[in-house]
Amino acid sequence: MKDLFAKRMSRVPRSFVREILKVTDKPEIISFAGGLPHPDSFPHQEIALAAEHVLTQESREALQYSTTEGYWPLREYIAQRYQNNGLKVHAEEILITNGSQQGLDLTGKVFLDKDDVVLVERPTYLAAIQALGLYEPIFKSIRLQKDGIDTETLKNTLEDSPVKLLYAVPNFQNPTGISYSLQKRREVAKIISENDTVLVEDDPYGEIRFMGDHQPSIKNFLNESVLLGSFSKIISPGIRLGWIVAQEEIMDKLVTAKQASDLHTNYLAQRIIYRYLTEYDVEKQLKKIREMYKRQRDLMIAMIEEYFPSGVQFTEPEGGMFLWVTLPLGRSSMDLFHLAIKEDVAFVPGEAFYANNADKNTLRLNFSNSDEKKIEEGIKRLGKAIEKFYI
Ligand SMILES: Cc1ncc(COP(=O)(O)O)c(C=O)c1O
C-alpha cells in the first residue's frame, strides 16, 4: 500500500500542531498551543435565530445546489465592507470558500507547477506550508522583521530568479503576531508590481485589531493580487466560511478549480451567515472579541514580564491571537516543551513554522483561547519550566 500513495504526500509533514494537541489534551494541562478563538466569542444565539429563519423561510433555496462563486448577497456584503474601508472591490471579484484554508489550496492549484518557487515569511503559517506544499513547490523564506518582511532581501530575491508566489500575512501574523508597517506595505506592493510574481495576502486577523491604527491591506497599492479573508476568527471557525478577492483573470481559474474540488461552498451556511450579518450587530460582536482578546493579551504580557527570566524576548501584538517568544540563542524550545509538559503547560515549539532553516529557540503562545485564570497560572508554570531549563 505504502508504494501506492502519490509521492507528493510524503513531502508534506502532518500538522505538527495537531500532533502536539494530542499530548496536550489532558485536563490538567493548560495549553497555549492551539490556535482557536474563544468559544465565549461565538454569537451562538444569533446564529441559532438566523439558522431558524433560513430553514423555515428559505429552505427550498438554501438546501439546494448553488453557484460555485457563492451566494450573491454575501459576496456583495463582503465587497461593501472592503469599500467602507477604502478598498475598491466589486462583488464579482469575491469567491466564497470553505474557510481561507481552501483559498490557499485553490491558489496553489491554479498557480503552482512542481518546482515553482514560493516565497514565505520566516516564520510562516504552518498550514500554508502544507496547503501549498502539496503542489510540490520549492519554498524559500525571508526573515520577518519587527515591522514586516525584510524588503531588501525580498527585492534581491525577486530580481535574482523567478518566483511564482509571495505568501504573506501582514496583520497579526500567525505565529508571531507581527504586523507590517504602512511603509513595508507600500514597499512590498512596489516590489511585487515590478516583478512577475503574485502576492497572496492572507488576512484572517485584520478585524481583530485592539490597539494602534488600522493599516490598509497591501491590495490597496497593488492591482493584481490574491487576498484571502475569513469569518473564522470573527464569527465561528466551525461554520467554515472564507473568501478570495481576485480580479477576473485569476477568478476564472479559481472558479474552475473550485468546481472540480467541491462544486460550491456550503450554501446553507452562506445564507445563515448572511442573515446573521445583516440582521444582527456585527460591530458589537467585533468590539466584544477585541476587548476580550486585548484583556487576555495584556495579562499574558504582564505575566511574562513577571515570571520569565530576562533574556527571553517576546512580541507585543496589536491584535490577533498569538505572541512569539524567543529564547536565548542555543536553547531549544523543543527541549523546553518536554519540561513544560511536566509542569502541565503547553505551547507550540517554533520550528513547526519554518519552511526551512528553523530557529529552534522560538515558540508560539496563543492567548485567545484561555481565560484569565488559565493565563495567570499557565504563564507562571511556563516561567518555572524556563527557570529550570536555564539551570
Ligand atoms: C494565517 C492563517 N490563514 C488561514 C487560516 C485558516 O483559517 P480558516 O478557518 O478561514 O480556513 C488560519 C487559521 O488559523 C490562519 O492563521
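Among the residues that make up region 183-192, is at least one of them among the small types (Gly, Ala, Ser) and either in contact (Cβ under 8 Å) with a residue 60 or more places away in the chain or open to solvent by 20 Å² or more (accessible area, probe 1.4 Å) (or both)?
no
Condition check: over 17 Å from the mean Cα position of the chain (by Cα), at pLDDT 95 or above and among the polar types (S, T, N, Q). Does Asn171 satisfy that?
Here the answer is no, as Asn171 does not meet what is asked.
Each row is one residue, and each column tells you yes or no for (1) under 23 Å from the mean Cα position of the chain (by Cα); (2) in a helix (DSSP H, G or I).
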site: Ile20; (1), (2): yes, yes
site: Glu28; (1), (2): no, no
site: Gly34; (1), (2): yes, no
site: Glu46; (1), (2): no, yes
site: Ala50; (1), (2): no, yes
site: Arg60; (1), (2): no, yes
site: Ser66; (1), (2): no, no
site: Gln80; (1), (2): yes, yes
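How many residues are among the polar types (S, T, N, Q), within 16 Å of the ligand (Cβ to nearest atom) and out of contact with any helix residue (DSSP H, G or I) (no Cβ under 6 Å at 6 or more places or on another chain) when one looks only at region 29-57?
1
Provide a single number: the residues in region 209-232 that are away from the ligand (no atom under 11 Å from the Cβ) and either over 13 Å from Val245 (Cα atoms) or open to solvent by less than 40 Å² (accessible area, probe 1.4 Å) (or both). I'd like the intermediate steps shown before the answer.
Filtering region 209-232 down to residues away from the ligand (no atom under 11 Å from the Cβ) leaves 209-227.
If we keep only those that are either over 13 Å from Val245 (Cα atoms) or open to solvent by less than 40 Å² (accessible area, probe 1.4 Å) (or both) too, we end up with 209-219, 221-222, 225-227.
Counting residues in region 209-232 that are away from the ligand (no atom under 11 Å from the Cβ) and either over 13 Å from Val245 (Cα atoms) or open to solvent by less than 40 Å² (accessible area, probe 1.4 Å) (or both) gives 16.
Among the residues of region 238-246, are any within 10 Å of the ligand (Cβ to nearest atom), among the aliphatic types (A, V, I, L, M) and within 21 Å of Met321 (Cα to Cα)?
Yes, there is a match, as at least one residue in region 238-246 is within 10 Å of the ligand (Cβ to nearest atom), among the aliphatic types (A, V, I, L, M) and within 21 Å of Met321 (Cα to Cα).
Please work out which residue is nearest to the ligand (Cβ to nearest atom), limiting yourself to region 130-144 and to residues that are out of contact with any helix residue (DSSP H, G or I) (no Cβ under 8 Å at 6 or more places or on another chain), closer than 24 Å to Arg364 by Cα and at pLDDT 95 or above.
For region 130-144, the residue satisfying everything is Leu144.
Can you confirm whether Lys140 is closer than 21 Å to Lys219 by Cα and open to solvent by 10 Å² or more (accessible area, probe 1.4 Å)?
Against the criterion (closer than 21 Å to Lys219 by Cα and open to solvent by 10 Å² or more (accessible area, probe 1.4 Å)), Lys140 does not qualify.
The values are calculated or read from the model by the stated rules, or taken from the named source; none is laboratory data. The model shown is predicted, which means the values in this text are computed figures rather than measured ones. Here the Cβ is made from the backbone with ideal geometry for all residues, glycine too, and neighbour counts use every protein chain on show. Note: accessible area is taken over every heavy atom of the protein model, side chains too, but ligands, DNA and RNA are not part of it. Shrake-Rupley method; radii C 1.70, N 1.55, O 1.52, S 1.80 Å.
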